[in-house]
1. So which residues in the range A:327-344 are crowded, with 21+ Cβ neighbours inside 10 Å, within 17 Å of residue A:203 (Cβ to Cβ) and touching a helix residue (DSSP H, G or I) at 6+ places or on another chain (Cβ under 9 Å), if there are any at all?
2. Of all residues in the range D:322-337, which are more than 8 Å from every other protein chain (Cβ to nearest Cβ) and either in a strand (DSSP E or B) or under 20 Å from residue C:279 (Cβ atoms) (or both)?
3. Restricting attention to the range A:8-17, report how many residues are part of a loop (DSSP other than H, G, I, E, B) and more than 9 Å from chain C (Cβ to nearest Cβ).
4. Are any residues in the range A:289-308 under 29 Å from residue D:76 (Cα atoms), outside any loop (DSSP other than H, G, I, E, B) and within 7 Å of another protein chain (Cβ to nearest Cβ), and if so, which ones?
5. Out of the residues in the range B:309-321 that are more than 9 Å from chain A (Cβ to nearest Cβ) and touching a strand residue (DSSP E or B) at 6+ places or on another chain (Cβ under 7 Å), state the one that is surrounded by the most Cβ atoms within 10 Å (Cβ to Cβ).
6. Kindly establish whether residue A:193 is at pLDDT 95 or above and touching a helix residue (DSSP H, G or I) at 6+ places or on another chain (Cβ under 8 Å).
7. Quick one: in the range B:18-52, which of the residues that are within 16 Å of the chain's Cα centre (by Cα) and in a helix (DSSP H, G or I) is nearest to residue C:224 (Cα to Cα)?
8. Checking residue B:151 against (1) on the phi < 0 side of the Ramachandran plot; (2) within 14 Å of chain A (Cβ to nearest Cβ); (3) surrounded by 21 or more Cβ atoms within 10 Å (Cβ to Cβ), only one condition comes out false. Which one?
């Protein structure tokens, strides 16, 4: 289903070329004053057209709140926000009904829905459906910010070009603030030109490229989360894989830990004043599914945009013949910069839910 | 919580040194004849003491089925299996109350449960709790086998020593059969000696080492799963992170896809007789959260066993002083071989649930 | 929360005097052609102003479908429908902030939401929120109708004036058809005048009156539902108590069974051709939570509309003094006729979910 | 499924004549010291053989706690309790395979599970499965008692013989204490002889009789619960219909409210010192799904025990002929007295879950 969460529930709806997309966010605490400008700003970070690396297609992506807010303050009732679909050129997608695009959900969706799903623009599988997630996350992160919890992500890599990584034991608030308000989030801004060059190269070659996003949550208290299947890792992973193009997630040292020795990977505890902290943070702020009070850090793998202009081999489901397909339309050669606010938003919703499950929200 | 699943629900209970551990498995179809020997065999793969790399502690781990089976056939009612705890030496763990072990859930659990959780042997966070998961998975995989669905995993790496990878488009049944019945599962058995050497080296140095497990699910029909948050990746990840020591998961090309170009990562469709297949399988059998009919392939990162004999820095929560801790007791220097059947089992429960959600079980 | 269901999930949002109300319906099978006229007709049955017994307030209640439908056919993606709020006179409700209306959720909601809930017109607790439920039910009942499953309810009583009851073993399709398309559903239409007289008497005395609604589901196959907490009774009750003013539910003989002897209440089985049926239907089509193939029959108690013009005793939450309150505005002296399509709708959603959980949808 | 609850989850397992029955209770707060004697006492209230009206079959029903408790104190991990099945005479039920017993789940279960369910003694549908519910409720009520919340029920009627009702605005603690520790709970103990006489009359005539149970929850704070489908009524109903033989539930004035006028049914608010209370309690402590701080009161209808010695008409599913069936074995002619602690227990689990959902546990 397209709904998620136990105590904070997010129900996403819409298709890329339908009337509208949107989200219902239920279980929010009442009486939280929201900064609507900040929400629009977060949505603008995800919106296309902000950056030369992104598609020139203009979307207004302006969310209209139908319920759950009174004087910009949460009422405790489900908050529904709707974003109208405009400026969509359905004609660009004319041949995808019979010929599934490689790397897209066209074929899987066709089988799953017996051919009845709306395939225009990817329908419900479209990356456009991340806009409501950003809205929901923008709401949740404001509620979390009241408790000193901050969430920020950055472009950890585009292709082989890498940004620096978070210092996992010391992430300043200013960095969190800067990253979470940037439209091309980098710890080391000097990496921007190399990344853009690579993206431009892909665009020139009618190709695309993937990347990774690293996300940090700071200010989390120790003791949040539940064991086994309701652990913080389970909860974050279960929402993050809802972002199209995500193919992997790792927490703390992640896959690198698999090549370490225990003496290297274990994080030593010490007292920093009255607070127990760890000297390193290979555990990514989570042990046994439960927060330790150290920053929660995870990385996600974003595959290259599947829509590319180059001819690709596919099948015609009607004629049962092979066919060459060139995906037309305007597409981002690299969606990683725009994935950053989406990953942050998903993390925000996940963390709000974890805290609500542990009576901490 | 320690319960998981919408249509197939698995509730795990128990603490390492309590009376017993076990599982309730609800939502199973009725009338499925189970091969109990095969179930015990799967549990034996996980049980310690089978292999020189594993702890010499003997556990019987013999599951007693309390309900849900009649003449070894599922009744449709919840199936409960209990495994008694025996041969535990609580004395070995005398000092962990005050001094949380680095890399363990001791500290996080202490905060979460206000010091009331059972810490002996890790309590509910113990790796021993994976035994009920293996039981549940052994039940589910038999039901899946009836539909031609097979699940097998192997030790993809221990430290830097790597096994071969699955050929993602062609995984023979014989390989699946061999791997899923091995106690040290390797595609290339010749890698065993190098891995064992490494593990022995860790043992000699009172250290431990991590690794990765690669898992394949073959025979899955296309069209299983749901979009966004109920996708096959979400569902598998949400259960796999319930296995202690798992710190990462990737599907198909996973993190490697983040460095690829779209033209490289996209998998071309073709007709193999009447069946649509892809020439490569970077998507790991899942697009848009839904199966394509290609093998589902994922890898998990297993961190090194946190229990090591070397002295480590930790804190004394009572005196608030730093302290050196040497974890006593018998511990696997490498749990990766024993993690293999657990990952398979988790995948089996996840896949059974996915199929049940899509009316395919 | 305001979302319901495991396999068919309904998320209701909105406040009486907010911008809009609506519903997201997830988990629907794809490819179901919907008769939109029939949906509007069902919504018209619930809409006020259709009948002299109802409030003269005009609502258009016209649902706009934002997603999940293409050419009036379900796509399998979440279906969202929105109903704009118009023609509301907020001024009518000016005094309820400080003085909770007896019989309303004002006080409970004030405590629950720390005074931040939207109280205008009852906010999220308003009976107006049943309009989205009717929409969702109208969708589900069309899908059920394809399988020969029909749902109809009638006004079983208004005050002490009673309609006939369903013959529980023999409910003709024509009766089901007639009741489910009537705006004042009665098995015996001759009861209408007595009921209306009673309602008019209440209106004259600035009072209101309650009643009961009896609902039948015919054509259900035997074997649907799950034991214990997922039984058909549990599932129906859990949704029906979501209808404001419902204070009780009983299945089959219900409370009357509590005064019977076993020999009287037990329903004898017999073969009707190849079909096992029962000679009586005190069990209301459900035994052990599972359908028997006999009609599912339940009755709900609807309390009198709490909004009455008579002065009532309440408290002023600001001054902490007692106060006399006369609820102004236009209110139905009897909502039972309009509750009929809502109960049918809730039953339709519940039954669709039960069937989906049992692989029968 | 046989598992229930969002924040407090109860998973019941077992079949009447299998090895054992039991329950896993997850989500409990850690550090709650349990009085095990009090738990056994509650289970003894439900156990048969305590009273002349009950079956002479002796069950030990002694729960063994496998996990979740250390020194009788909750650890926060899932609490599993198992009750061995002993003293069952399977021979008594030899003919029910082919001939479903009227009023039992035999036929519905046979269809649902394709004949694979364990039918001995009713299998998973047996009333014996209420023993684990009583255990779970006994745990929850102790945790609630710490907050001054008390739960008690009484035999409101057996056949036409009625007990007094709770005074809905004034229920003394001593009454709650007495009722919740009685094996034949009556507000007016003088009604016991008439009830027993009626039950004896049924036994003499190889028949049975139903009744009603009225349950009160006192000491609940205002503001607990959620709107629409997570209201207190929904939550209580969804668990109470999991008790075999329950065919109806009503809150506050319930069905009687349907015959009232608004001016009569509405409950006037007033200040009792600093506390807002209502002068009457027709709303049963719940408005809009949320508690008002007044006692929560509900009544359930219990149908007559379907197992009766008299010959009844049924079918032989093998021969497809009608057959006369006399249910052999020892059966309670009236299970209402034993249903009292079960209803209390279900209410306790429901209330604990409601409070946990509202951050009040």
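1. A:327, A:332, A:333, A:334, A:335, A:336, A:337, A:338 - these are the residues of the range A:327-344 that are crowded, with 21+ Cβ neighbours inside 10 Å, within 17 Å of residue A:203 (Cβ to Cβ) and touching a helix residue (DSSP H, G or I) at 6+ places or on another chain (Cβ under 9 Å).
2. Within the range D:322-337, D:323, D:324, D:325, D:326, D:327 qualify.
3. The total comes to 3.
4. Answer for the range A:289-308, where residues must be under 29 Å from residue D:76 (Cα atoms), outside any loop (DSSP other than H, G, I, E, B) and within 7 Å of another protein chain (Cβ to nearest Cβ): A:290, A:291.
5. Residue satisfying both the conditions and the ranking: B:316.
6. No.
7. B:39
8. So the condition that residue B:151 fails would be (2).
The values are calculated or read from the model by the stated rules, or taken from the named source; none is laboratory data. Remember, it's a predicted structure, so these values are computed and weren't measured experimentally. All Cβ positions, even for glycine, are placed from backbone atoms using ideal geometry, and neighbour counts span all protein chains on display.
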